[in-house]
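To keep things clear, I will list the structure first and then write my remarks on it.
The values are calculated or read from the model by the stated rules, or taken from the named source; none is laboratory data. Everything numeric in this text was worked out from a predicted model, so none of it was measured. FYI the Cβ positions are ideal-geometry reconstructions off the backbone, even for glycines, and counts take in every protein chain you see.
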Amino acid sequence: MKPIYSIIGLFAIGMMLLSSCKDDSPEVLTKAKLTGYIQKGPFLNGTSISVSELNKDLSQTGKVFNTQITDNQGTFDISNIQLTSPYIELKADGFYFNEVTGATSSSQLTLYALADVINNNTLNVNVLSTLEKARVENLIAGGLSFADAKKKALGEILAIFSISKSDIQSSELLDLNKSGDDNAILLAVSVILQGFRSEAELTELLANMSADISTDGKLDNQSLGSALLSHAKYLNTAKIRENLINRYTEIGAIVQIPEFEKYITQFIENSTFKSIDLIIYPEIIDGKLNILNENNSIFTADQNPEAYYMISANTIKGLSLMIKIEYIEGVIPVNGLWWLRMEAGTNWLFSQYDMDKNSQVFNVIESGKPSNQKIEFPFGQGLKFRVSYFENNDLVITRTRIITVN
């Protein structure tokens, strides 16, 4: 009988082993299709995309799927994905439409998103999903669930931009070309981050912010916060909206630009960061007073060839500047109340002197370079002129001041 018992025992052990193997086999999650948008502005056709499977601790399993954007709306799709974990990382690397300049980027940008695909077949990649990545990883390492980590990280990022919205959708579900406050928030943050930065500068900003907030969810680097606020103050939101409408119309897409402007205004009004001027008007240039500097308001009339002043400004690259000088008060002895040294102009394009209105307009030719022009006031007797500044706002006056020539 012992052989029979041995056979039965071996059979039982075998069944247990089979049962154990079956229980340990990971369940395969099949997604017939994943689709979505890569957006900064919209990324361009040909952008490469990788989808990497992640374990519950967000480490990569080694399983990667590759695809690319199929149109200039930033659309991608990838079919027949088989996963053993519901967590993925999306990575997009390509050129994009810059909503601030209204032109396509000159170099590539990389964006990321972390997502749970159990209940989602549409996933977007944007600046919010990129900024939150390192923070989410840190929170999960600290014991939070994926869903709680995502929610907490996004709320912390929005707080940096003076935005509070507890019921906002996950970052990977937002779309900057759809109506609604959630999408408006995405577009506002995207615009503020872009500012007047090059692609390299934007990449560096995203990396530095992501690293800074990863441990405590706060932007401790005040210089980064100052840069965000400073660029936000110079944004021309009307032009940005126009750029996006024109772009989506050009590529044949339905335009639904959300009301992002209010969130930029909210950031400017409520931020505790300290801003700096992105356009500088030096007080003195080559020993001569600059009429654009707010500390210089009274000038002396003199027809001596050496008695001249300067029209000077330094702008960062991407910022436009127009100056208008116009007579407002005083006895006019002759037409033509100021003279320009024609041989001494640098980086200013100026209009003809308007003899009827006694005014003249000056535009910076190339931003990012110093702009200097010598100007003489041959006549005085208390003449007053209005100097109007149009700082990256086209026909909208940023500020005005009065100067006096005695």
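Let me confirm something: among Ala313, Ala301, which residue is part of a loop (DSSP other than H, G, I, E, B) and assigned by TED's automatic domain parsing to the domain that holds Gly287?
Ala301
Can you report the number of residues in segment 355-368 which are in contact (Cβ under 8 Å) with a residue 24 or more places away in the chain and either of a type in the set (D, E, K, R) or in a loop (DSSP other than H, G, I, E, B) (or both)?
Count: 4.
Looking at segment 206-217, can you tell me whether even one residue there is touching a residue at least 60 places away in the same chain (Cβ under 8 Å), surrounded by fewer than 21 Cβ atoms within 10 Å (Cβ to Cβ) and within 30 Å of Ser367 (Cα to Cα)?
yes
Asn393 - would you say it is surrounded by fewer than 20 Cβ atoms within 10 Å (Cβ to Cβ) and modelled with pLDDT under 95?
Against the criterion (surrounded by fewer than 20 Cβ atoms within 10 Å (Cβ to Cβ) and modelled with pLDDT under 95), Asn393 qualifies.
Would you confirm whether any residue within segment 318-327 is over 30 Å from His231 (Cα atoms) and exposed (fewer than 14 other Cβ atoms within 10 Å of the Cβ)?
no
Restricting attention to segment 109-139, and to residues there that are in contact with a helix residue (DSSP H, G or I) (Cβ under 8 Å, 6 or more places away or on another chain) and surrounded by fewer than 17 Cβ atoms within 10 Å (Cβ to Cβ), which single residue is nearest to Ala232 (Cα to Cα)?
Going through the qualifying residues, I end up with Thr110.
Quick check on segment 286-307: of everything there that is within 18 Å of Pro370 (Cβ to Cβ) and modelled with pLDDT of 95 or more, which residue is surrounded by the fewest Cβ atoms within 10 Å (Cβ to Cβ)?
Restricting to residues being within 18 Å of Pro370 (Cβ to Cβ) and modelled with pLDDT of 95 or more, the top hit is Gly287.
Any chance segment 223-244 includes a residue that's over 18 Å from Leu202 (Cβ atoms) and more than 18 Å from the chain's Cα centre (by Cα)?
No, that holds for no residue.
Is segment 155-164 home to any residue that is surrounded by 15 or more Cβ atoms within 10 Å (Cβ to Cβ), free of Cβ contacts under 8 Å to residues at least 60 places away in the same chain and charged (D, E, K, R)?
Scanning segment 155-164 turns up no residue that is surrounded by 15 or more Cβ atoms within 10 Å (Cβ to Cβ), free of Cβ contacts under 8 Å to residues at least 60 places away in the same chain and charged (D, E, K, R).
Does Ile332 meet the test of being crowded, with 19+ Cβ neighbours inside 10 Å and either over 27 Å from the mean Cα position of the chain (by Cα) or among the basic types (Lys, Arg) (or both)?
So Ile332 fails the test.
Which of (1) touching a residue at least 12 places away in the same chain (Cβ under 8 Å); (2) assigned by TED's automatic domain parsing to the domain that holds Ile185; (3) assigned to a loop (DSSP other than H, G, I, E, B) does Gly252 not meet, given it meets every other one?
(1)
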